[in-house]
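These notes are about the structure you will find just below.
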Amino acid sequence: MELQTTSLSVLDTLTKHVSIREFVDKPIPEEILVLLLDKARRAPTSSNMQAYSFVVVRDRNRLKKIAELAGNQRFIETCGAFVAICADVHRLEKAASLHEKQLAKNLENFLVASVDAALVGMSLSLLAESMGLGTTMIGGMRNFPKATAEFLGLPKGVYVVFGMVLGWPDIPRTKPPKPRLPFDAAVHFERYDDSNYEEQIRQYDKVLAEYYRKQGRTTPEAAWSGILAVRFSTPRRVNLRTELEQLGFCFD
């Protein structure tokens, strides 16, 4: 399918990236949605396994259920399309069975499928934003992986790694890009170096706190490390391994 479009460069798209949760009530043309989904499939994939699948939801009633499963993130109900980005070894099992072989179910194949899904999902997001659409990744789809799989009709060997909302952004309500950690805190040359982490983290706490204040948000001075320390000091999604095993994945 060929479609004439005007798009931003990759550099511009990444530089201007923000998560969009406010959308105008305007449908995404079918030809654009299909184009994006198709071209995203050019993402890198381990050994050409293509161990991922997309499940697209646009029905408003079904979007309400998706929002509920994601932790009552109600903005999902207003998007133009929700895309479940799935790790999929079910199709690999089918391919192996054509040759009377059984796919090995182990941690490596689980990781390969999850990484494949992440890569194709990022490609979809980048393409969509380059064409003026807004996106947000929805990690909350891992809250109830089994219930989500049942709702989407996923067979054994498929789970939603994350979701993505797509839609036309409500520009006046769009926030500026959120600052990231200092370059030297994330990028290492030749060898990993954490010798200046404490200062880099304190520096980022201040920068992020100022960003939030400009958005009218009340925030602690330790706007990154303090929130992170509280949020991730106790285990999250403790049911995840059990439910993924029930969905046909193995971690041995």
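The values are calculated or read from the model by the stated rules, or taken from the named source; none is laboratory data. Just so it is clear, the structure is predicted and the values come from calculations on it, not from any experiment. Note that we place each Cβ from the backbone using ideal geometry, even for glycine, and neighbour counts take in every protein chain shown. Ligands, DNA and RNA are stripped out before the accessible areas are found, and what is left, the full protein with its side chains, is counted by its heavy atoms. Shrake-Rupley method; radii C 1.70, N 1.55, O 1.52, S 1.80 Å.
Given the conditions (1) in contact with an Asp or Glu (Cβ under 9 Å, 6 or more places away or on another chain); (2) over 21 Å from Ile28 (Cα atoms); (3) open to solvent by less than 10 Å² (accessible area, probe 1.4 Å), report the number of the one that Met141 does not fulfil.
The number of the failed condition is (1).
Given (1) without any contact (Cβ under 8 Å) to a residue 60 or more places away in the chain; (2) surrounded by fewer than 17 Cβ atoms within 10 Å (Cβ to Cβ), where does Arg237 come up short, assuming only one miss?
Single failed check for Arg237: (1).
Does the stretch 208-225 contain any residue that is surrounded by 10 or more Cβ atoms within 10 Å (Cβ to Cβ) and within 21 Å of the chain's Cα centre (by Cα)?
yes
Here are the criteria: (1) within 23 Å of Glu245 (Cα to Cα); (2) assigned to a helix (DSSP H, G or I). Tell me which single one Ala128 does not satisfy.
Evaluating Ala128 over (1) within 23 Å of Glu245 (Cα to Cα); (2) assigned to a helix (DSSP H, G or I) leaves (1) as the failure.
Restricting to the stretch 28-45, name every residue that is open to solvent by 50 Å² or more (accessible area, probe 1.4 Å) and either part of a helix (DSSP H, G or I) or in contact with a Lys or Arg (Cβ under 8 Å, 6 or more places away or on another chain) (or both). Break it down into steps so the answer makes sense when it comes.
The first filter runs over the stretch 28-45 and keeps only residues open to solvent by 50 Å² or more (accessible area, probe 1.4 Å), leaving 30-31, 34, 38-39, 41-42, 44.
Residues satisfying the conditions are Glu30, Glu31, Val34, Asp38, Lys39.
Tell me yes or no: at least one residue of the stretch 153-163 is over 25 Å from Ser123 (Cα atoms) and without any contact (Cβ under 8 Å) to a residue 60 or more places away in the chain.
no
Inside the stretch 52-62, can you point out the residues that are buried (at least 17 other Cβ atoms within 10 Å of the Cβ) and hydrophobic (A, V, I, L, M, F, W, C)?
Of the residues in the stretch 52-62, the ones buried (at least 17 other Cβ atoms within 10 Å of the Cβ) are 52-55, 57.
Scanning the stretch 52-62 gives Phe54, Val55, Val57.
Name the single residue that is farthest from Val158 (Cα to Cα) among those in the stretch 63-84 being in contact (Cβ under 8 Å) with a residue 12 or more places away in the chain, more than 16 Å from the chain's Cα centre (by Cα) and surrounded by 14 or more Cβ atoms within 10 Å (Cβ to Cβ).
Step one: list which residues in the stretch 63-84 are in contact (Cβ under 8 Å) with a residue 12 or more places away in the chain, which gives 63-66, 69-71, 73, 75-84.
Now drop any that are not more than 16 Å from the chain's Cα centre (by Cα), which leaves 63-65, 77-78, 80.
Now drop any that are not surrounded by 14 or more Cβ atoms within 10 Å (Cβ to Cβ), which leaves 63, 65, 77-78, 80.
Values: Leu63: 20, Lys65: 19, Glu77: 24, Thr78: 26, Gly80: 24 Å.
If we take residues in the stretch 63-84 being in contact (Cβ under 8 Å) with a residue 12 or more places away in the chain, more than 16 Å from the chain's Cα centre (by Cα) and surrounded by 14 or more Cβ atoms within 10 Å (Cβ to Cβ), then Thr78 is farthest from Val158 (Cα to Cα).
Could you look through the stretch 102-132, keep only residues that are open to solvent by less than 10 Å² (accessible area, probe 1.4 Å) and touching a Phe, Trp or Tyr at 6+ places or on another chain (Cβ under 9 Å), and pick out the one that is nearest to Gly163 (Cα to Cα)? If you could, list the steps in order and put the result at the bottom.
In the first step, residues of the stretch 102-132 are kept if they are open to solvent by less than 10 Å² (accessible area, probe 1.4 Å); the result is 113, 116-117, 120-121, 124-125, 128.
Now narrow it down to the ones that are touching a Phe, Trp or Tyr at 6+ places or on another chain (Cβ under 9 Å): 113, 116-117, 120-121, 124.
Details: Ala113: 15, Asp116: 14, Ala117: 10, Val120: 12, Gly121: 9, Leu124: 11 Å.
Among residues in the stretch 102-132 that are open to solvent by less than 10 Å² (accessible area, probe 1.4 Å) and touching a Phe, Trp or Tyr at 6+ places or on another chain (Cβ under 9 Å), the one nearest to Gly163 (Cα to Cα) is Gly121.
Give the number of residues within the stretch 166-208 that are closer than 25 Å to Leu36 by Cα and hydrophobic (A, V, I, L, M, F, W, C).
So the count comes out to 3.
How many residues are assigned to a loop (DSSP other than H, G, I, E, B) and of a type in the set (S, T, N, Q) when one looks only at the stretch 81-122? Lay out the reasoning, then the answer.
Just the residues of the stretch 81-122 that are assigned to a loop (DSSP other than H, G, I, E, B), to begin with: 89, 98-106.
With of a type in the set (S, T, N, Q) added as a condition, the list becomes 102, 106.
Result for the stretch 81-122: 2.
Val165 fails exactly one of the following numbered conditions: (1) open to solvent by 60 Å² or more (accessible area, probe 1.4 Å); (2) outside any helix (DSSP H, G or I); (3) not small (Gly, Ala, Ser). What is the number of that condition?
(1)
Kindly evaluate Leu181 against the criterion of being within 30 Å of Tyr159 (Cβ to Cβ), surrounded by 14 or more Cβ atoms within 10 Å (Cβ to Cβ) and out of contact with any strand residue (DSSP E or B) (no Cβ under 8 Å at 6 or more places or on another chain).
Numbers: within 30 Å of Tyr159 (Cβ to Cβ): yes; surrounded by 14 or more Cβ atoms within 10 Å (Cβ to Cβ): yes; out of contact with any strand residue (DSSP E or B) (no Cβ under 8 Å at 6 or more places or on another chain): yes.
Spelling it out, Leu181 is indeed within 30 Å of Tyr159 (Cβ to Cβ), surrounded by 14 or more Cβ atoms within 10 Å (Cβ to Cβ) and out of contact with any strand residue (DSSP E or B) (no Cβ under 8 Å at 6 or more places or on another chain).
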